[in-house]
Protein chains: 2
Amino acid sequence: MLIVKKFGGTSVGNRDRIFNVANRCIEDYKNGNDVVVVLSAMGKYTDVLIDMAKEINPNPPKREMDMILTTGEQQSVALMAMAMASMGVPAVSLNAYQVAMHTTSTYSNARVKRIDTERIRAELEQHKIVIVTGFQGVNKFDDYTTLGRGGSDTTAVALAAALHADKCEIYTDVDGVYTADPRKVPDARKLKNVTYDEMLELATLGAGVLHNRSVELAKKYGVRLVVRSSLNTNEGTVVREGSKMEKMIVSGVAADPDAARVAVIGLKDEPGIAFKLFNALAQQGINIDMILQSIGRHGKKDISFTCTDDDADLAKQIIDDLMEFEEIDVDKGVSKVSIVGAGMQTHPGVAAKMFEALFDANINIRMISTSEIRVTVLINEKNTDRAINAIHEKFNLGEE
Amino acid sequence: MLIVKKFGGTSVGNRDRIFNVANRCIEDYKNGNDVVVVLSAMGKYTDVLIDMAKEINPNPPKREMDMILTTGEQQSVALMAMAMASMGVPAVSLNAYQVAMHTTSTYSNARVKRIDTERIRAELEQHKIVIVTGFQGVNKFDDYTTLGRGGSDTTAVALAAALHADKCEIYTDVDGVYTADPRKVPDARKLKNVTYDEMLELATLGAGVLHNRSVELAKKYGVRLVVRSSLNTNEGTVVREGSKMEKMIVSGVAADPDAARVAVIGLKDEPGIAFKLFNALAQQGINIDMILQSIGRHGKKDISFTCTDDDADLAKQIIDDLMEFEEIDVDKGVSKVSIVGAGMQTHPGVAAKMFEALFDANINIRMISTSEIRVTVLINEKNTDRAINAIHEKFNLGEE
């Protein structure tokens, strides 16, 4: 079996942890598997490098930033190969250029274009564990690039796809994907399986286990993902195509407190107003989530939308400068609560059941948005924990 | 003019020093020159990386050691490019793979085979300052290599040769090459010129300004070397082919206290004894310097030689195990004192004058060895400073 295993910075943050990771990889190797390991930079070393750079130049050229940042992973992989060598296991570290991992030209936010697998295959054939730098690539100018947020997960999935790996294990500090945040919902339960789409909705909602870029890539190439802990040997959660036999309607409930609601009251009710507004926000890089537009009356209409707390004031200012309206209101004291589940596509009444749970808990719903596998409501932020517990219980998510 | 400038780790050890180097390079750039800069890793960062590696594996694979060590220079060059960018000067950093700097396969002690100059030329044509990682290369396996001791000097000279640079400036913490160590000899004088051969003899004697590998390379390709200080703008010393018009007979006097004398008394006087002895030492990597062999009598002979203090005990042990003799004596309390100068090839009596200086100072000579441009004597270590002062004065080296 060919296994790609990805470990984050915390997992290789010191000597003991490096050897812990080495042991886990060697176990698979000794069981006769081909093992490819993807590593991030050690601990917070990427932040250290960013600070070093900013001390020299507060606004460093992105090309040079990627040049310095890629050294972090190169150090991790070399140390891991040394650790394995000290345990008598042949290993070889490869950086993006040695792999080679070809990306688009965009520094600091490149996308994987193509991976040459020749070198990795040759090293595997010599029965070596192959340790690859996450987060980085090389562009057509022979310059180093980095893949942006969640980059090492993306490296692992892209490698698994290119190598036709049997699975891609993403090691984190949690056991897997839960029906709700276990710190908030005491009877939250770990899921054995979720679909790519469910995982994508959870990622978007800030459940934080996997970056959505890597899940999208896994879905596209059918890479079997396993989310598991580097601290124990529990089974983890498998992310794969949904099965028709899936019994669960709702897989989990997630909350995102980093939401703000912007309400623009008394806009002119004429064509192109919404386009004009959201186009202006998009050009400033503001991501809009839920959108609610009132029916026009007396030649006026209202538009409300959500964005992150950080973007809310900028959004207000852009709209102020852009168009005429009667009033604009920003409320940062709101949070998004969502239920996610591939099953709900074919089960009517799921949204109604969620609203009932909130009504029973006396929690007011401010906005509603739905996708085929998700229902999201906007509520007062202080009710977040009560809301997810009420919903979790209503759908019996704690039970197998 | 195309100038290659090399700065060591101390010169880029912190923010201020990085900007100091940036300024010196930008000055040449603004005067209309093409500038290629070669940098070492910052301060003692290479040692930090070595410690990190040894903590994981006390005997790390050399390939992986080079993989981690090369990150040090990559960080320096990226930071330097950022510094120059902040001053409005276009700069680009390149590592060994990007250059590309092709070396032999030997990890930790590779030699430069070939340098592609296409990328550097292209960047220079776009009026950028090009900043290249010293000390590193890439071998035929696409793996990183390091060039061993004095590696960054070698990188600079090799680049200067490949680019047909007008000069290669090596920046150090001293002003240039002196007639003697200024800390030991008060009236020591900085030399305007030395020949490659004189520089080589001085390097071998541990004068420490330039590594002999880089001087050999400069001699081979006729690269005009300038040794100067990164702390001031003094002119420095030019290293180049010797001129026939050179007035100085002796360029300088150098001392190396790291010498030990091993005397093997009462060896059998038969053919092959010296070969057997020195071959065994060479196989253990022990470098032998001065050799003295007595004329055989009564079927016996004596062999004395010098090596470093560190190697002396191992040498004794090897000889003990290898052959029969009457007695072996190791004396670590000796030092080598040498005069160096291209002029002495054609001037008889130079050695005699040196011996006279030592006789006047009542210093006993234990061994003598000569080359075409050097005379070395072995003396009691405690007399070292008196010896070099006496010789310096005898040859009037303090006078222009």
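The requirement of being more than 22 Å from B:Thr71 (Cα to Cα) and either outside any strand (DSSP E or B) or modelled with pLDDT of 95 or more (or both) is not satisfied by A:Val92. Of all the numbered requirements in (1) at pLDDT 95 or above; (2) within 18 Å of A:Tyr144 (Cβ to Cβ); (3) of a type outside the set (Asp, Glu), A:His127 misses one, and that requirement is (2). Looking at A:Val227, A:Val262, just one residue is at pLDDT 90 or above and farther than 22 Å from A:Arg366 by Cα, and that residue is A:Val227. Taken together, the residues in segment A:355-367 that are touching a residue at least 60 places away in the same chain (Cβ under 8 Å) and open to solvent by 20 Å² or more (accessible area, probe 1.4 Å) amount to 1. Selection of segment A:95-127 for residues being open to solvent by less than 50 Å² (accessible area, probe 1.4 Å) and within 11 Å of chain B (Cβ to nearest Cβ) yields A:Asn95, A:Ala96, A:Tyr97, A:Gln98, A:Val99, A:Ala100, A:Arg119, A:Ala122, A:Glu123. Residue pairs whose Cβ atoms lie under 8 Å apart, separated by 6 or more positions or on different chains, with the first residue in segment B:274-296 and over 18 Å from B:Asp258 (Cβ atoms) and the second acidic (Asp, Glu) and not in a loop (DSSP other than H, G, I, E, B), are B:Gln293/B:Asp302; B:Ser294/B:Asp302.
Within segment B:263-291, can you find the residues that are among the aliphatic types (A, V, I, L, M), within 15 Å of B:Phe325 (Cβ to Cβ) and in contact with an Asp or Glu (Cβ under 9 Å, 6 or more places away or on another chain)? Listed by number, the residues that qualify are B:Ala263, B:Val264, B:Ile265, B:Leu267, B:Ala280, B:Leu281. Taking B:Asn139, is it under 29 Å from A:Ala91 (Cα atoms) and either free of Cβ contacts under 8 Å to residues at least 12 places away in the same chain or open to solvent by 30 Å² or more (accessible area, probe 1.4 Å) (or both)? No. Pairs linking a residue in segment B:15-42 that is assigned to a helix (DSSP H, G or I) to a residue that is of a type in the set (D, E, K, R) and buried (at least 19 other Cβ atoms within 10 Å of the Cβ), with Cβ atoms under 7 Å and 6 or more positions apart or on different chains, are B:Cys25/B:Lys5. Taken over segment B:34-72, the criterion of being away from chain A (no Cβ under 11 Å), within 29 Å of B:Val92 (Cα to Cα) and open to solvent by 10 Å² or more (accessible area, probe 1.4 Å) is satisfied by B:Asp34, B:Ser40, B:Gly43, B:Lys44, B:Thr46, B:Asp47, B:Ile50.
Give B:Leu163, B:Leu147 a once-over and let me know the one that is farther than 23 Å from B:Gly13 by Cα and of a type in the set (A, V, I, L, M). Break it down stepwise before answering.
Working: B:Leu147 fails: farther than 23 Å from B:Gly13 by Cα.
When all the criteria are applied, what remains is B:Leu163.
Residues in segment A:160-194 that are among the polar types (S, T, N, Q) and surrounded by fewer than 23 Cβ atoms within 10 Å (Cβ to Cβ) were compared, and the one that is nearest to A:Val375 (Cα to Cα) is A:Asn193. Hey, among the residues in segment B:73-94 that are open to solvent by less than 10 Å² (accessible area, probe 1.4 Å) and more than 8 Å from every other protein chain (Cβ to nearest Cβ), which one's farthest from B:Asn109 (Cα to Cα)? The qualifying residue farthest from B:Asn109 (Cα to Cα) is B:Val89.
Can you say whether B:Val157 is open to solvent by less than 40 Å² (accessible area, probe 1.4 Å), over 23 Å from A:Met52 (Cα atoms), within 14 Å of another protein chain (Cβ to nearest Cβ) and of a type in the set (A, V, I, L, M), as far as the supplied structure shows? So B:Val157 fails the test. Among the numbered conditions (1) part of a loop (DSSP other than H, G, I, E, B); (2) at pLDDT 85 or above; (3) surrounded by 21 or more Cβ atoms within 10 Å (Cβ to Cβ), the only one that A:Glu198 does not meet is (1). Residues in segment A:331-355 that are closer than 16 Å to A:Asn396 by Cβ and β-branched (Val, Ile, Thr): A:Ile339, A:Val340, A:Val350. Only one of the numbered conditions (1) crowded, with 19+ Cβ neighbours inside 10 Å; (2) under 27 Å from A:Glu198 (Cβ atoms) is not met by A:Asn287, and that is (1).
Per-residue answers, yes or no, for (1) basic (Lys, Arg); (2) open to solvent by less than 30 Å² (accessible area, probe 1.4 Å); (3) out of contact with any Ser or Thr (no Cβ under 8 Å at 6 or more places or on another chain); (4) touching a residue at least 24 places away in the same chain (Cβ under 8 Å):
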residue: B:Asp309; (1), (2), (3), (4): no, no, yes, yes
residue: B:Lys316; (1), (2), (3), (4): yes, no, yes, yes
residue: B:Glu324; (1), (2), (3), (4): no, no, yes, yes
residue: B:Val330; (1), (2), (3), (4): no, no, yes, yes
residue: B:Ser371; (1), (2), (3), (4): no, no, yes, yes
residue: B:Glu381; (1), (2), (3), (4): no, no, no, yes
residue: B:Arg386; (1), (2), (3), (4): yes, no, yes, yes
residue: B:Ile391; (1), (2), (3), (4): no, yes, yes, yes
residue: B:Glu399; (1), (2), (3), (4): no, no, yes, yes
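Of the residues making up segment B:263-273, just one is open to solvent by 60 Å² or more (accessible area, probe 1.4 Å) and in contact (Cβ under 8 Å) with a residue 40 or more places away in the chain, namely B:Lys268. Within segment A:305-345, being within 30 Å of A:Ile249 (Cα to Cα) and among the polar types (S, T, N, Q) holds for A:Thr306, A:Thr308, A:Ser335, A:Ser338, A:Gln345. Among A:Val138, A:Val132, which is the only one that is within 14 Å of chain B (Cβ to nearest Cβ) and in contact with a Leu (Cβ under 7 Å, 6 or more places away or on another chain)? The unique qualifying residue is A:Val132.
The values are calculated or read from the model by the stated rules, or taken from the named source; none is laboratory data. Quick caveat, the model's predicted, so the values are computed rather than measured. Cβ coordinates were reconstructed from backbone atoms using ideal geometry, including for glycine residues, and neighbour counts include every protein chain displayed. For accessibility, only protein heavy atoms count, side chains too; no ligands or nucleic acids. Shrake-Rupley method; radii C 1.70, N 1.55, O 1.52, S 1.80 Å.
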